[in-house]
Amino acid sequence: MSVTTITPRQLHDLVQAGNSLELIDVRTPVEFREVHVGFARNVPLDRLDAAHIAAGRAGSTQPLYVICRSGGRGKQACEKLLAAGYTNVVNVEGGTQAWDQAGLPVVRGQQAISLERQVRIAAGSLVVLGAALGYFVHPAWIGLSAFVGAGLVFAGVTDTCGMGLLLARMPWNQVAASATTCSTTSTSHREQKPQSSCCG
């Protein structure tokens, strides 16, 4: 079954028209804290439990909207929910990035390095390390670079990233549960207004 999509503008228009809807953001807590759609709630992809979400919606037949950074993880989350028998899910095209670029309001908090950039940094570092060890220590270390390269090819073909899922669980991508408030701003490209919000 293919994943249904909606543009950020269409979703925003639904909210502006007074529709009550549920939007889950499947990025890491740190990415969510950095910038998110005001009415989204954070359910990281690596902790997504379709049964728990279904129970929380109490039999609602309304669509469940899913958003991430640029659309890839949102699609994975939708596929996971579809596989679990949850049929009424909609992925937001282009994710939070597209929402922000469209000038729609977002909540901003403390900046962080995106998961996508972390994957590039980690993969690049491992390739360089493998090449250096292969040259200076033993040729067998070149296998490390080959392994990372094969992993990147697999990630591109399947649109899944094991390294990304692993990095998402790292402590620096988590937000302390005790954090109940933080300083944020709600912004669009047309205006900037201070807004108090919970970033947990």
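The values are calculated or read from the model by the stated rules, or taken from the named source; none is laboratory data. Model, not experiment: these values are computed from the prediction. All Cβ positions, glycine included, derive from the backbone under ideal geometry; neighbour counts span all protein chains shown.
Brief remarks on what is shown
- Within segment 102-122, being assigned to a helix (DSSP H, G or I), surrounded by fewer than 18 Cβ atoms within 10 Å (Cβ to Cβ) and among the aliphatic types (A, V, I, L, M) holds for 121, 122.
- Count of segment 80-101 residues which are over 18 Å from the mean Cα position of the chain (by Cα), in a loop (DSSP other than H, G, I, E, B) and not aromatic (Phe, Trp, Tyr): 4
- Test for residue 104: is it aliphatic (A, V, I, L, M) and more than 24 Å from residue 169 (Cβ to Cβ): yes
- In segment 6-43, the residues that are assigned to a loop (DSSP other than H, G, I, E, B) and not charged (D, E, K, R): 7, 17, 18, 19, 20, 21, 26, 28, 37, 38, 39, 43
- Looking only at residues of segment 33-43 that are out of contact with any Lys or Arg (no Cβ under 9 Å at 6 or more places or on another chain) and closer than 23 Å to residue 13 by Cα, we find that the one that is surrounded by the most Cβ atoms within 10 Å (Cβ to Cβ) is 37.
- Being at pLDDT 80 or above and loosely packed, with under 13 Cβ neighbours inside 10 Å is a property that holds for residue 156.
- Residue in segment 126-142 that is in a loop (DSSP other than H, G, I, E, B) and modelled with pLDDT of 85 or more present: yes
- Number of residues in segment 44-61 that are in contact (Cβ under 8 Å) with a residue 24 or more places away in the chain, exposed (fewer than 11 other Cβ atoms within 10 Å of the Cβ) and assigned to a helix (DSSP H, G or I): the value is 1.
- Flag if residue 4 is modelled with pLDDT of 90 or more and surrounded by 22 or more Cβ atoms within 10 Å (Cβ to Cβ): no
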